[in-house]
Amino acid sequence: MRTGLYLPNQGAFADPRRLAGLAVDAEAAGWDGFFVWDELQPIFRPTDDTADAMVALSAVAFATERLRIGAMVSPLSRLRPEAFALQTATLDRLSGGRLIVGAGLGNPYEQFTAFGHEADLKVRAEMVDEFLDVLTRLWSGSTVDFQGAHYTAVNVSMTPPLQSPRIPIWIGADSRNRAPRRRAARWDGFIPASHHWPDEVIPPEDYEAAMADIRPLRSPEEPFDVVVIGDATGTRPAADELPAYEAAGVTWHLVQALNMDDAETRIRRGPPSR
C-alpha cells in the first residue's frame, strides 16, 4: 500500500509556493504521493483564499522528482474537455509522467449553481462519462471527431501526455452509491468519499462490497488503484488497521491535514507504518 498526503487548495495552502515546499519535504520523508483538493470556493471559512489546483500542482511538479501528484477530485461537468486535456497533458509532461487525474461529479451543490453550471446530478453524471470519452481521445494525439449530447470535437488533435496509454483516472464519489463503482471499473481507480467526511473513515467491509461490484467488470490482469482517505485527525486508519484495507483491495492510503501545523507534523513523522 502506497501513502500520500491529501491537502486543501485553500486557506494556508492557497499559496502554491508553500504547497511546493511541503511536497519537497514529503518526498524527502519517503511519502509516495501528494494530492490536493480541487474546489472553486472555500469549504470551511468563507474568507479563505483558494488556489487553482492545476497551477498549484504545476509548482509541486516542478519542485519534486518522484511523488505521484493529482487533484482529488476535479468536478468535470463544470470544466471544458479540450482545456482540461491540454492542462493535464502539459502537467503530465512537466512532472515527468507522475500525474493522476481524479474525476467526479463535484460537491457542494452551490459551486455549480453560483456560476450557472448544470446542477442536476443525473445530467452531471452523463456529462462526466462523455467528458472522459472526449478527454481520453484527445490524450491519444490522434485526430478526434466526436459529437455527443454535451461536447463536440471536430477534426482536432492535441499534444498527448507523457504517460501511455493515458494518464491514470481515478473516479471519486460518495461511498454509498453503486453507479460510480461501475464508472470506476471502466477506468483506473476508485476514491470513495465518506458522507461524514472529513471525520469518518470508510471501513474495510465497505471496500470489500465495492470491489465485489468492480472486479467482475475488469480483467484480473489490469492494474486498478483503490484509495482510503484518512480522517481529519490523521490517526485513522491506524497502522494495525491497514492490513484489513489491503486485503479488501486498497492500494493507496491518503493522510489528510486540514491546517498547516498538522501537515508539517505529519510530513516530518513520515508515512504510516504498514
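Details
- When you restrict to C-alpha pairs under 8 Å that are six or more residues apart and normalise by the size of region 1-146, the relative contact order lands at 22 percent.
- For region 184-274, a simple Cβ point-charge model (Lys and Arg +1, Asp and Glu -1, everything else neutral) yields a dipole of about 220 debye relative to the Cα centre.
- Descending principal axes extents, region 1-147, alpha-carbon based, whole Å: 46, 41, 27
- Exposed-site-free run, longest, the chain (rule: chymotrypsin sites (Phe, Trp or Tyr not before Pro); DSSP loop; at most 14 other C-beta within 10 Å): 116-274
- Set of region 236-274 residues, backbone N closer than 20 Å to the point 7 Å along the Cα-Cβ line of Arg45: 256-266
- Stokes-Einstein D in µm²/s, Kirkwood radius over Cα pairs - region 69-148 at 37 °C with 0.692 mPa s viscosity: 245 µm²/s
- Global form of the chain, assessed from the alpha-carbon gyration tensor, a/c cut-off 1.5: rounded
- Difference of contour (0.36 nm per residue) and Cα-Cα distance, Arg182 to Ser157: 6.1 nm
- Length released on extending from Arg269 to Met1, taking residue separation times 0.36 nm less the Cα-Cα span: 94.7 nm
- Long hydrophobic helices in the chain, taken as whole DSSP H segments with a C-alpha length of 24 Å or more on their own axis and mean Kyte-Doolittle hydropathy at least -1.0: 121-139.
- Here the contact order of region 2-269, divided by its residue count and restricted to Cα pairs under 8 Å and six or more residues apart, works out to 18 percent.
- Other-chain or far-sequence residues with amide H under 5 Å of Met72's (modelled H): Val36, Trp37, Asp38
- Relative to the Cα centre, the charge distribution of region 143-200, modelled as +1 at Lys and Arg Cβ and -1 at Asp and Glu Cβ, gives a dipole magnitude of about 260 debye.
- Residues listed by number, region 32-67, amide nitrogen under 14 Å from Glu110 label point at 7 Å toward C-beta: 40-48
- By the compact-protein rule of thumb, 2.2 N^0.38 Å, the alpha-carbon radius of gyration of region 164-274 corresponds to a ratio of 1.09.
- For Asp188, the amide hydrogen comes within under 5 Å of the amide hydrogens of Ile169, Ile171, counting only partners 5 or more places away or on other chains and with H modelled in the peptide plane.
- Whole-number percent relative contact order across region 147-240, with pairs defined as alpha carbons under 8 Å at least 6 apart: 26 percent
- Size of charge dipole - the chain - debye, nearest 20, with Cβ of Lys, Arg +1 and Asp, Glu -1, no other charges: 480 debye
- Across the options Gln87, Thr47, Ala61, the greatest Cα extent toward the positive end of the charge dipole of region 1-144 (unit charges at beta carbon of Lys, Arg, Asp, Glu) belongs to Ala61.
- Helix-only arithmetic for the chain: the sum of -39500 (n - 2.57) across DSSP H runs with n ≥ 4, divided by the residue total, places the mean residue ellipticity at 222 nm at -10500 deg cm²/dmol.
- Put in order of Cβ neighbour count within 10 Å, fewest first, the listed residues His253, His150 become His150, His253.
No lab work stands behind these numbers, since they all come straight from the coordinates. It should be emphasised that the depicted structure is a prediction, and the values quoted were computed from it without experimental measurement. Every residue, glycine among them, receives a Cβ derived from its backbone with ideal geometry; neighbour counts consider all protein chains shown.
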